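Heads up, the thing below is written out as structure tokens.
Read the figures in this text as sums done on the coordinates, not as results from a lab. This is a predicted model, so every value here is computed, not measured. Backbone-built Cβ (ideal geometry, glycine too); neighbour counts: all protein chains shown.
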Amino acid sequence: MINYLKVSFGIFLALAVSRFVPHPPNFTSLIALSFYVPAILGIKYLPALIFSFFITDMFIGFHNLMFFTWGSVIIIAYISNYFIKNLSTRIIGVLLSAVIYFIITNFGSWFLKDIYLINLDGIILAYTLALPFFYQSLISTVLFSVFFEILINKTKVVFTKKSI
């Protein structure tokens, strides 16, 4: 239990630092953490990850898209287990995670915000206007993933298929 709390606090710190330190829009460890925490530590740390989002959102501000954000984190966490085999599959998994996050959160933006028409033109506009943010998310996800891969290599983490 103590170890779980220590690791959970580390997850919170990693997320909080990347969300609270001034950064370009969508340039955080969010997607990489959502992928690597369950892949490395197991799905049992998903509640710690979601709770970390909850706590940081308390300070940043709750918004109507947070359930889409948290939902994408949950989906990414569960699919990460299928991409842990080797570096190549983890790269594919991380990139897929960025796409999943983009699709889900921007669907929420289109559906919940009054700035888009609820039709095909509206959803195309929502995704088109979100492309610069996707670029930032993709770059940050790749950079944070490189950091996690270096950490994995240095600590000699061995991936095992964890039961979900």
In deg cm²/dmol, rounded to 500, what helix-only [θ] at 222 nm does the chain give when every DSSP H run of at least 4 residues adds -39500 (n - 2.57) and the total is split over its residues?
-24500 deg cm²/dmol
I'd like the projected area of the chain, averaged over all directions, using the convex hull of its alpha carbons. Report it in nm² with one decimal.
9.9 nm²
Going 7 Å from the Cα of F111 along its beta-carbon direction, which residues of region 46-77 have the amide nitrogen within less than 15 Å of the resulting point?
64-75
Please list 3J(HN,Hα) in residue order for region 36-44, calculated via the Karplus relation 6.51 cos²θ - 1.76 cosθ + 1.60 where θ = phi - 60°; whole Hz, with x for glycine and proline.
6, 4, x, 5, 8, 9, x, 5, 4
Fewest-first ordering of L95, L129 by Cβ atoms within 10 Å yields L129, L95
